[in-house]
Amino acid sequence: MTSTLLGRRQFLGGAAALSTLALAGCASTSRPRVAAAPIDRVPPDVRLMYGPRPEEEFPLPAARIDIVPAAYWRQEIDNTTGEKAGTVVVDTANRYCYVVLPGGTRAMRYGVGIGRDGFSWSGRARIAYKRKWPTWTPPSEMIKRQPELEQYRNGMPPGLQNPLGARALYIFQNGKDTLYRLHGNPEENSIGRAVSSGCVRFLQQDIIDVYERVPSGAAILVV
């Protein structure tokens, strides 16, 4: 697979010019239309990477990777972020998340969906903790905007339709919860788009991969 690699100046400059994350409601308010492409355009190794996960607490079906642009498929690339090994970098301008691999010269890159303009946050922080199949609790501000979410004020149980998906990583800054998350989601056609009233959303198979690579306490940079 081919990709356009960002230089450090281009990465930091271009990305900082655009808005960043969305509030931690983590629920989509619109579902964009994405034209499906023939499944046979997806290489076998990619289909395998995004295949079903029957061993999960809530067995995951294979991702509809054929409707995700190839630029957003998970791949290992040169580390162009300038950050050290173990750092998570979210490039909101280009809809990518990077996990810098041990040694610092390579990074795993994932396509992501981000929040709409108007729900923004950026900066350096930490992954305070992470959860498998988390409960989703919409913040009070989101319930005010969407009263139908009142039923989940005390939390929505985990499952395939839970907006946080199979995994969630919780971002804290200066010891305080930012209310922003990295999390899975069941909507493949949200990847590469700014459509959620949530945080940074990944394909389910990708957030599982991130969860396994990133320990609690890891540094994160959102630009």
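The values are calculated or read from the model by the stated rules, or taken from the named source; none is laboratory data. Please read all numbers here as calculations on a predicted model, not as lab measurements. Here the Cβ is made from the backbone with ideal geometry for all residues, glycine too, and neighbour counts use every protein chain on show.
Would you be able to say whether some residue in the stretch 110-131 is within 15 Å of the chain's Cα centre (by Cα) and farther than 30 Å from ARG145 by Cα? There is at least one residue in the stretch 110-131 that is within 15 Å of the chain's Cα centre (by Cα) and farther than 30 Å from ARG145 by Cα.
Do we find that PRO138 is in contact with a Gly (Cβ under 8 Å, 6 or more places away or on another chain), buried (at least 20 other Cβ atoms within 10 Å of the Cβ) and in a loop (DSSP other than H, G, I, E, B) in this structure? Against the criterion (in contact with a Gly (Cβ under 8 Å, 6 or more places away or on another chain), buried (at least 20 other Cβ atoms within 10 Å of the Cβ) and in a loop (DSSP other than H, G, I, E, B)), PRO138 qualifies. ILE127 falls short on exactly one of the conditions (1) touching a residue at least 60 places away in the same chain (Cβ under 8 Å); (2) in a loop (DSSP other than H, G, I, E, B), and that condition is (2). Only residues that are assigned to a loop (DSSP other than H, G, I, E, B) and surrounded by fewer than 16 Cβ atoms within 10 Å (Cβ to Cβ) were counted in the stretch 41-63, giving 11.
Against the list (1) within 13 Å of GLY113 (Cα to Cα); (2) of a type outside the set (S, T, N, Q); (3) in a strand (DSSP E or B), the condition ILE171 fails is (1). Only one of the listed residues (LEU149, LEU179, LEU160) is under 16 Å from TYR50 (Cβ atoms) and out of contact with any strand residue (DSSP E or B) (no Cβ under 7 Å at 6 or more places or on another chain). That residue is LEU160. Is it the case, given these coordinates, that TYR98 is in contact with a helix residue (DSSP H, G or I) (Cβ under 9 Å, 6 or more places away or on another chain) and in a strand (DSSP E or B)? It is false that TYR98 is in contact with a helix residue (DSSP H, G or I) (Cβ under 9 Å, 6 or more places away or on another chain) and in a strand (DSSP E or B). The sole residue among ASN162, ASN154 that is modelled with pLDDT under 90, assigned to a loop (DSSP other than H, G, I, E, B) and not basic (Lys, Arg) is ASN154.
Of all the criteria given as (1) modelled with pLDDT of 90 or more; (2) of a type in the set (S, T, N, Q); (3) touching a strand residue (DSSP E or B) at 6+ places or on another chain (Cβ under 6 Å), the one not satisfied by GLN205 is (3). Residues in the stretch 174-203 that are assigned to a helix (DSSP H, G or I) and either touching a His at 6+ places or on another chain (Cβ under 9 Å) or buried (at least 23 other Cβ atoms within 10 Å of the Cβ) (or both): 1 in all.
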